[in-house]
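The structure appears right after this line, and notes come after that.
Throughout, read-outs are computed from the coordinates displayed, never taken from laboratory work. As the structure is a prediction and not an experimental result, all values here were calculated from the model. Note: ideal-geometry Cβ built from the backbone for every residue, glycine included; neighbour counts use all protein chains shown.
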Amino acid sequence: MVRVALFVRLQAKPGKETEVVRFLENGLALANQEASTPIWFALRFGPATFGIFDAFADDAGRKAHLAGQIAAALMAKAPELLAEPPQIEQVDVLAAKISQ
């Protein structure tokens with residue numbers, strides 16, 4: 001059961017939207033390598049507004065993710081791709097339905 005999550009809002013720089021999409025699509029391969037990240041979504045809210053939602057069983061998994069490859073890659077690419085720093089929110093999961 002997932003108990004905690006991250007919600008990250010990303011605002012692409014003008015003209016960088018396609019590169020943000022590509023970055024997020026490539027992030028799936030990294031997320032698949034993280035055993036403590038059972039849920040990971042890359043989202044698009046509008047033409048230049050994106051997000052990441054991922055959930056974890058516990059805070060240790062969330063901390064491991066924040067110290068992992070995806071977070072490092074995001075912070076490295078942020079100045080080039082994003083109009084503002086990523087807005088990272090740590091949230092609690094109150095209820096979840098996860099089916100395969």
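For segment 46-100, filtered to residues that are basic (Lys, Arg) and more than 14 Å from Leu10 (Cα to Cα), the residue that is surrounded by the most Cβ atoms within 10 Å (Cβ to Cβ) is Arg62. In segment 78-100, the residues that are in contact (Cβ under 8 Å) with a residue 24 or more places away in the chain and under 19 Å from Ala67 (Cα atoms) never reach a residue that is of a type in the set (S, T, N, Q) and part of a loop (DSSP other than H, G, I, E, B) with C-beta atoms less than 6 angstrom apart, at least six apart or across chains. If you check Leu28, Leu24 for being among the hydrophobic types (A, V, I, L, M, F, W, C) and either crowded, with 17+ Cβ neighbours inside 10 Å or within 18 Å of Glu84 (Cα to Cα) (or both), only one passes: Leu24.
Taking residues in segment 17-39 that are closer than 13 Å to Ala73 by Cα, and partners anywhere that are charged (D, E, K, R) and in a loop (DSSP other than H, G, I, E, B), the pairs with Cβ atoms closer than 9 Å and at least 6 places apart or on different chains are Val20/Lys13.
Let's see how each residue does on (1) outside any helix (DSSP H, G or I); (2) within 13 Å of the chain's Cα centre (by Cα):
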site	(1), (2)
Val2	yes, no
Leu6	yes, yes
Arg9	yes, yes
Leu24	no, yes
Gly27	no, yes
Leu30	no, yes
Phe53	yes, yes
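Quick one: how many residues across segment 11-22 are out of contact with any Asp or Glu (no Cβ under 7 Å at 6 or more places or on another chain), not charged (D, E, K, R) and not in a helix (DSSP H, G or I)? The total comes to 3.
In the set (1) in a helix (DSSP H, G or I); (2) surrounded by fewer than 17 Cβ atoms within 10 Å (Cβ to Cβ); (3) touching a helix residue (DSSP H, G or I) at 6+ places or on another chain (Cβ under 6 Å), Ser36 fails one condition alone, (1).
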